[in-house]
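**Student:** To start, I am sharing the structure in question, which I have written as structure tokens.
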Amino acid sequence: MDSSIKIGFIGAGNIAQAIGICIIKKNLLPPNQIYVSAPSERNFQKWKELGVNTTHNNYEVILQCNIVFLAVKPQNIHSVIIDLSMSKNELDFDRLIISIIAGLSLKALDLMLRSVLQRYSLIKAIPNISIIVGKGTTVICDDEDKPASEYNIKLVKMIMSAGGICEIIPESLMNAASAVSGSGVAFVYSIIEALSDGAVKQGIPRILSYKLAAHTLLGAAEMVLETNEHPAVLKDKVCSPGGTTISGIHALEKGGLRSSLMDAIEATTNKAFELDKK
Ligand SMILES: NC(=O)c1ccc[n+]([C@@H]2O[C@H](COP(=O)([O-])OP(=O)(O)OC[C@H]3O[C@@H](n4cnc5c(N)ncnc54)[C@H](OP(=O)(O)O)[C@@H]3O)[C@@H](O)[C@H]2O)c1
């Protein structure tokens, strides 16, 4: 990455740390070219161990960096904007702002930023927590009424690809995509836990049951990605006529697994739209 680039994070929590670690691990930028701010020391220990610059002053991050991730909870963005408004005269070079705040539309954020920044480009990127292990899924978008340059989109894609795959989608699909990949991680953990409970009920030790269940999901997912076959075709290959697996599938259908998962995606997407209206 260009040696003049400095990346900042306003918000030092879980997801910011995960992105920061990916950037450093993939040698996109040395730690001394990364800045992070948060009100407390609570999350600073890890950043300091990595050699990243830490500060309690959000303004310092925006002053120092040409790429800035907004990585706070939606309820904290207003206080960030107030901090940035302190000395807007000094903020006179182009900045790329990457919002990872789920459920906050680019238009709403742009309205706030306009009052404190003069020259900036805005892109939203919603990663999932699996970027910690380099298997993340990130979706990115720009505001269709105020599109980002191809260069900036490529730059964000490159940064986020350090932690896994990164897909560009329209903002209108962002909440649904975040439901599948962002919240989907939690749904899959519930599935792993349930498979494990089932295994334990049948006498398999707990630790082994987690291992079997998690690896089964990992392998099944890799089969979908590598073979490019329809999941139903792959499922059919495992179900021999009159066999054990089709009996299990029947039980899943009775329990409404597929319908429950579709409901979960719908509920999550709707909630994100609701939050954005607040
Ligand atoms: N976790 C995920 O999987 C995930 C995925 C995609 C998107 N996101 C989005 O990422 C954002 C952060 O999530 P998270 O899970 O990383 O939350 P988190 O671990 O709670 O981190 C939030 C960070 O924001 C800091 N903060 C609070 N008020 C601030 C302020 N006024 N100025 C600067 N920093 C402030 C906190 O400071 P302290 O360290 O002092 O507490 C903390 O470092 C959320 O908007 C979430 O929707 C999360």
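**Student:** How long is the range 7-169 along each principal axis, judged by its Cα atoms, biggest number first, in Å?
**Tutor:** Principal extents (Cα only, largest first): 37, 35, 27 Å.
**Student:** If you don't mind, another one. Cut-off under 16 Å on the C-alpha distance; same-chain residues fewer than 8 positions from Lys73 excluded. Which lysines are left, in chain and number order?
**Tutor:** Qualifying lysines at Cα under 16 Å: Lys124, Lys271, Lys277, Lys278.
**Student:** Where q = 0.10, 0.13, 0.17 Å⁻¹, what log10 of I(q)/I(0) comes from the Debye formula for the chain, counting one point per Cα?
**Tutor:** Treating every Cα as an identical point scatterer, log10 I(q)/I(0) equals -0.61, -0.92, -1.37.
**Student:** If you don't mind, another one. Can you give me the Cα centroid spacing of the range 159-182 and the range 235-278 in angstrom?
**Tutor:** Here the two parts' Cα centres lie 21 Å apart.
**Student:** Ranked from highest to lowest mean number of other Cβ atoms within 10 Å per residue, what is the order of the peptides 110-119, 158-167?
**Tutor:** Working: 110-119: 14.7, 158-167: 19.7.
By packing density, highest mean first, the sequence is 158-167, 110-119.
**Student:** When each pair of different Cα atoms in the range 94-193 is counted once in the 1/r mean, what is the Kirkwood radius in angstroms, to one decimal? Numbers along the way, then the final one.
**Tutor:** On the way: mean 1/r = 0.0712 Å⁻¹.
Hydrodynamic radius (Kirkwood, Cα only) of the range 94-193 equals 14.0 Å.
**Student:** Also, I was wondering about something else. Using only helices, what value at 222 nm comes out for the chain when you add -39,500 (n - 2.57) per DSSP H run of length 4 or more and divide by the total residues, to the nearest 500 deg cm²/dmol?
**Tutor:** Working: 12 runs with 141 residues, N = 278.
Only helices count here, giving -15500 deg cm²/dmol.
**Student:** Could you tell me the accessible area of Leu96 in Å² (1.4 Å probe, neighbours in place), rounded to the nearest ten?
**Tutor:** For Leu96, solvent-accessible area is about 10 Å².
**Student:** Which order do the peptides 74-81, 56-63, 17-24 come out in when sorted by mean C-beta neighbours inside 10 angstrom, highest first?
**Tutor:** Numbers: 74-81: 15.6, 56-63: 19.4, 17-24: 21.6.
Answer by packing, highest mean first, reads 17-24, 56-63, 74-81.
**Student:** Continuing with this model, one more query. Applying a 10 Å radius around every beta-carbon, put 190-202, 243-255, 170-182 in order of their mean neighbour count, most first. Mind dumping the intermediate values first?
**Tutor:** Working: 190-202: 14.0, 243-255: 11.3, 170-182: 18.5.
Descending packing order for the listed peptides: 170-182, 190-202, 243-255.
**Student:** Can you work out ³J(HN,Hα) from phi for every residue in the range 47-53, in order, using Karplus 6.51 cos²θ - 1.76 cosθ + 1.60 and θ = phi - 60°, giving whole Hz and x for Gly and Pro?
**Tutor:** 4, 5, 4, 6, x, 7, 6
**Student:** If the viscosity is 1.567 mPa s and the temperature 4 °C, what translational diffusion coefficient in µm²/s does Stokes-Einstein give for the range 177-277 when Rh comes from Kirkwood over Cα pairs?
**Tutor:** Numbers: Rh = 15.5 Å.
In µm²/s, the coefficient is 84.
**Student:** So, one more: Between His56 and Leu257, what's the calculated FRET efficiency when r is the beta-carbon distance and R0 is 45 Å? Round to 0.05. Display every interim value, and only then the final one.
**Tutor:** Working: r = 47 Å, r/R0 = 1.04.
After rounding, the FRET efficiency stands at 0.45.
**Student:** Right, another one. Karplus couplings for the range 98-103 from phi (6.51 cos²θ - 1.76 cosθ + 1.60, θ = phi - 60°), rounded to Hz, Gly and Pro as x?
**Tutor:** So the Karplus estimates, Gly and Pro as x, are 10, 8, 10, 7, 5, x Hz.
**Student:** Now, a different point. Please work out how much accessible surface Phe187 shows to a 1.4 Å probe, ignoring ligands, DNA and RNA, in Å² rounded to 10.
**Tutor:** Only protein atoms counted, so the area is about 50 Å².
**Student:** Pop the C-beta distance of Gln64 and Asn43 into the FRET formula with R0 = 25 Å and round what comes out to the nearest 0.05.
**Tutor:** Values: r = 19 Å, r/R0 = 0.75.
The calculated FRET efficiency here is 0.85.
**Student:** Tell me the Kirkwood hydrodynamic radius of the range 1-60 in angstroms, computed as one over the mean inverse distance between distinct C-alpha pairs.
**Tutor:** Numbers: mean 1/r = 0.0882 Å⁻¹.
This gives a value of 11.3 Å.
**Student:** How much length, in nm to one decimal, is gained on full extension between Thr245 and Ser85, taken as 0.36 nm per residue of separation minus their Cα-Cα distance? Before the final figure, lay out the partial values.
**Tutor:** Details: separation 160, 0.36 × 160 = 57.60 nm, distance 6.08 nm.
The Thr245-Ser85 span can extend by a further 51.5 nm.
The values are calculated or read from the model by the stated rules, or taken from the named source; none is laboratory data. Computed from a predicted model, the values in this text were never measured in an experiment. So basically every Cβ, Gly included, is an ideal-geometry build from the backbone, and we count neighbours across all protein chains shown. To get the accessible areas, we keep the full protein, side chains included, count just its heavy atoms, and leave off ligands, DNA and RNA. Shrake-Rupley method; radii C 1.70, N 1.55, O 1.52, S 1.80 Å.
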